[in-house]
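Worksheet for the structure shown next.
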2 protein chains.
Amino acid sequence: MASKDRILRLKEETRNNILDAACKIVKEEGWQGLSLRKIADAIEYTAPIIYEYFANKEAILQELTKQGYLVLNKDLISAKQSKENPTEQLEAMWLAYWNFAFENKEMYQLMFGVEMTTCHMVAFPEVQTPYDLFTETIIEVMGDKNADDDTICQKYYTYYSVVHGLISINLVGNGLPNDMNLQILKDAIIGITRSLN
Amino acid sequence: MASKDRILRLKEETRNNILDAACKIVKEEGWQGLSLRKIADAIEYTAPIIYEYFANKEAILQELTKQGYLVLNKDLISAKQSKENPTEQLEAMWLAYWNFAFENKEMYQLMFGVEMTTCHMVAFPEVQTPYDLFTETIIEVMGDKNADDDTICQKYYTYYSVVHGLISINLVGNGLPNDMNLQILKDAIIGITRSLN
DNA sequence: AATATTATCTAACAGCGTTAAATTATTTAT
DNA sequence: ATAAATAATTTAACGCTGTTAGATAATATT
């Protein structure tokens, strides 16, 4: 029966409404301001109805985290595709990572534990993707040098540390002047990239 | 009267008991597990008594943050004093910073907003000290080259980003293998230091 | 139209930070 | 030493949180 489908569609819609409402509240009031009752209010239901769609609050955060990774991974892929040269690809990807963080500050906080508790329950596959994309490109930059996995991994975390660190510093405090940020970011990336060859 | 002093001493002791109890609870259950009622329980009082010693919970966190900075600053100073050469001093200081983070994980989280909301209310002077200590040493490493403040600041944040980033990554997730951590850390520090001359 | 199923809500629980008022303990003054 | 004043501490409550169970309303099935 088609009515089944319609109902399923409605349920799916409500589920999305919950996630959207959560996003909106967080953007307006931060993670501290998010509560199930506020979400319920926004979607014009009472709080317990949320448990028909999510096991608990944590499950909502997990779903939002997943969505965050989907956007980030998309951004990283299109950044890579925007360049030909692997070195330029790598730089573009880290810049895309940087931009994602500031265009989606709250998401970034949730995904990476900046001023906010992450939900590292069941790690879903999307979490692995940035690592795969970056290390893949790092290998390309290094060329035919048959570097072992440990070296690749180490190089990745060197990039990751400085980029994530700089992002965190900006998200937590008042932030640095914008030009200084970009200078540090690009200098660091160039420096690490140089160490790849 | 001497009894006044005794009472003042007792009040001071209770204040410290509150802070100590908070530390103990956090070490055992994490920041999520900390509550005023648990603190009160630990010091064998009821919850409202805490408001005789602190304006609110945030004030307790602020005091703990301050204490954290006092320890960190002491560590940084004694690290600097342990070496003669400015370059070695700088390396020893960042290593001390690193060690502080892992010997006082919860404190570090509170002070720098890793998986935990910081209390950046009224910035107290101790927060500035690490910056002063590091930049001072950076200037010494750079020698007579009359570098402007912006350059010094930028170099500091380059160090800071990679060290804080790597610490954050370790505190949030499962953490990297220990030898890889130290290799990344030391390589990064050496790399940035080389860029100073 | 009566029954079964689903959707939704109301009410409640235990915990949280916080406040005001009542109570107990201690100090001061007579 | 007793009464009054002050200080220390507790009890009770408020509004908030996530969450659960049970009652009610709406819909679907027979």
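Please indicate, with yes or no, whether at least one residue in region A:100-107 is farther than 27 Å from B:Thr118 by Cβ, part of a helix (DSSP H, G or I) and of a type in the set (Gly, Ala, Ser).
no
Which count do you get for residues in region B:160-190 that are over 16 Å from A:His120 (Cα atoms) and assigned to a helix (DSSP H, G or I)?
At the first step, the residues of region B:160-190 found to be over 16 Å from A:His120 (Cα atoms) are B:160-167, B:177-190.
The next check asks that each one be assigned to a helix (DSSP H, G or I); those that pass are B:160-167, B:178-190.
Of the residues in region B:160-190, 21 are over 16 Å from A:His120 (Cα atoms) and assigned to a helix (DSSP H, G or I).
Quick one: count up the residues across region B:22-52 that are more than 14 Å from chain A (Cβ to nearest Cβ), in a loop (DSSP other than H, G, I, E, B) and not aliphatic (A, V, I, L, M).
Step one: filter region B:22-52 for residues more than 14 Å from chain A (Cβ to nearest Cβ), giving B:22-25, B:27-28, B:35-52.
Those left that are additionally in a loop (DSSP other than H, G, I, E, B): B:35, B:43-46.
Filter once more, so that each one left must be not aliphatic (A, V, I, L, M): B:35, B:44-46.
Residues that pass the stated criteria total 4.
Please work out which residue is farthest from A:Val172 (Cα to Cα), limiting yourself to region A:37-48 and to residues that are surrounded by 15 or more Cβ atoms within 10 Å (Cβ to Cβ) and near DNA strand C (Cβ under 10 Å from one of its atoms). Step through it out loud before you land on a result.
Restricting attention to region A:37-48, the residues satisfying the condition of being surrounded by 15 or more Cβ atoms within 10 Å (Cβ to Cβ) are A:38-40, A:42-43, A:45.
In the following step, the residues that additionally are near DNA strand C (Cβ under 10 Å from one of its atoms) were identified as A:40, A:43, A:45.
Values: A:Ala40: 29, A:Ile43: 31, A:Tyr45: 34 Å.
Among those residues, the one meeting the criterion is A:Tyr45.
Just give me the residues in region B:1-34 being within 12 Å of DNA strand C (Cβ to nearest atom), more than 19 Å from B:Thr118 (Cβ to Cβ) and among the small types (Gly, Ala, Ser), in sequence order.
Matches in region B:1-34: B:Ala2, B:Ser3.
I'd like the full set of residues that are under 22 Å from the mean Cα position of the chain (by Cα), small (Gly, Ala, Ser) and surrounded by fewer than 18 Cβ atoms within 10 Å (Cβ to Cβ), limited to region A:49-70.
Step one: list which residues in region A:49-70 are under 22 Å from the mean Cα position of the chain (by Cα), which gives A:54, A:56-70.
Right, trim to small (Gly, Ala, Ser) and you get A:59, A:68.
If the condition is that a residue be under 22 Å from the mean Cα position of the chain (by Cα), small (Gly, Ala, Ser) and surrounded by fewer than 18 Cβ atoms within 10 Å (Cβ to Cβ), then A:Ala59 is the only one that fits.
Give all pairs with beta carbons closer than 9 Å in which a residue from region B:173-194 that is on the phi > 0 side of the Ramachandran plot meets a residue that is part of a helix (DSSP H, G or I); count only pairs at least 6 apart in sequence or on separate chains.
B:Gly175/B:Ile169; B:Gly175/B:Asn181
Kindly indicate whether A:Cys119 is part of a loop (DSSP other than H, G, I, E, B), within 12 Å of chain B (Cβ to nearest Cβ) and touching a residue at least 12 places away in the same chain (Cβ under 8 Å). Steps first, answer last, please.
Details: part of a loop (DSSP other than H, G, I, E, B): yes; within 12 Å of chain B (Cβ to nearest Cβ): yes; touching a residue at least 12 places away in the same chain (Cβ under 8 Å): yes.
Answer is yes for this residue.
Need the failing condition index for B:Lys105 against (1) within 14 Å of chain A (Cβ to nearest Cβ); (2) within 14 Å of DNA strand C (Cβ to nearest atom); (3) in contact with a helix residue (DSSP H, G or I) (Cβ under 8 Å, 6 or more places away or on another chain), just the number.
Failing condition for B:Lys105: (2).
Out of B:Ala101, B:Ala92, I need the residue that is surrounded by fewer than 21 Cβ atoms within 10 Å (Cβ to Cβ) and under 17 Å from the mean Cα position of the chain (by Cα). Which one?
Details: B:Ala101 fails: surrounded by fewer than 21 Cβ atoms within 10 Å (Cβ to Cβ).
Selected residue: B:Ala92, the only one of B:Ala101, B:Ala92 that is surrounded by fewer than 21 Cβ atoms within 10 Å (Cβ to Cβ) and under 17 Å from the mean Cα position of the chain (by Cα).
Say whether the condition of being within 14 Å of chain A (Cβ to nearest Cβ) and away from DNA strand C (no atom under 15 Å from the Cβ) is met by at least one residue in region B:73-82.
Filtering region B:73-82 down to residues within 14 Å of chain A (Cβ to nearest Cβ) leaves none.
No, because not a single residue in region B:73-82 is within 14 Å of chain A (Cβ to nearest Cβ) and away from DNA strand C (no atom under 15 Å from the Cβ).
Does at least one position in region A:55-63 carry a residue that is within 16 Å of DNA strand C (Cβ to nearest atom) and more than 14 Å from chain B (Cβ to nearest Cβ)?
Yes, some residue in region A:55-63 is within 16 Å of DNA strand C (Cβ to nearest atom) and more than 14 Å from chain B (Cβ to nearest Cβ).
Mind checking whether some residue in region B:134-149 is closer than 16 Å to B:Val71 by Cα and modelled with pLDDT of 95 or more? Before the answer, list the steps.
Taking region B:134-149 and keeping what is closer than 16 Å to B:Val71 by Cα, we get B:134.
Subset that is modelled with pLDDT of 95 or more: B:134.
Yes, there is a match, as at least one residue in region B:134-149 is closer than 16 Å to B:Val71 by Cα and modelled with pLDDT of 95 or more.
So, of the residues in region A:71-89 that are among the acidic types (Asp, Glu) and assigned to a helix (DSSP H, G or I), which turns out to be nearest to the chain's Cα centre (by Cα)? Step through it out loud before you land on a result.
Keep residues of region A:71-89 that are among the acidic types (Asp, Glu), which gives A:75, A:84, A:88.
After this cut, where a residue has to be assigned to a helix (DSSP H, G or I) as well, the list is A:75, A:88.
Values: A:Asp75: 10, A:Glu88: 22 Å.
Of everything passing the filter in region A:71-89, A:Asp75 is nearest to the chain's Cα centre (by Cα).
How many residues are of a type in the set (S, T, N, Q) and more than 10 Å from DNA strand D (Cβ to nearest atom) when one looks only at region A:4-52? Break it down into steps so the answer makes sense when it comes.
Kept after step one, since they are of a type in the set (S, T, N, Q), are these residues of region A:4-52: A:14, A:16-17, A:32, A:35, A:46.
When the remaining residues are screened for being more than 10 Å from DNA strand D (Cβ to nearest atom), the result is A:14, A:16-17.
Residues in region A:4-52 being of a type in the set (S, T, N, Q) and more than 10 Å from DNA strand D (Cβ to nearest atom): 3 in total.
Checking B:Ile139 against (1) assigned to a helix (DSSP H, G or I); (2) within 11 Å of another protein chain (Cβ to nearest Cβ), only one condition comes out false. Which one?
The failed condition is (2).
State all residues of region A:173-193 that are more than 16 Å from B:Leu196 (Cα to Cα) and more than 9 Å from chain B (Cβ to nearest Cβ); if no residue qualifies, say none.
Narrowing region A:173-193 to residues more than 16 Å from B:Leu196 (Cα to Cα): A:173-182, A:185-186, A:189, A:193.
Result: A:Gly175, A:Asn178, A:Asp179, A:Leu182, A:Lys186, A:Ile189, A:Thr193.
The values are calculated or read from the model by the stated rules, or taken from the named source; none is laboratory data. Keep in mind that what you see is a predicted model, and the values were worked out from it rather than measured. Glycine gets a Cβ as well: all are built from the backbone with ideal geometry, and neighbour counts include every protein chain shown.
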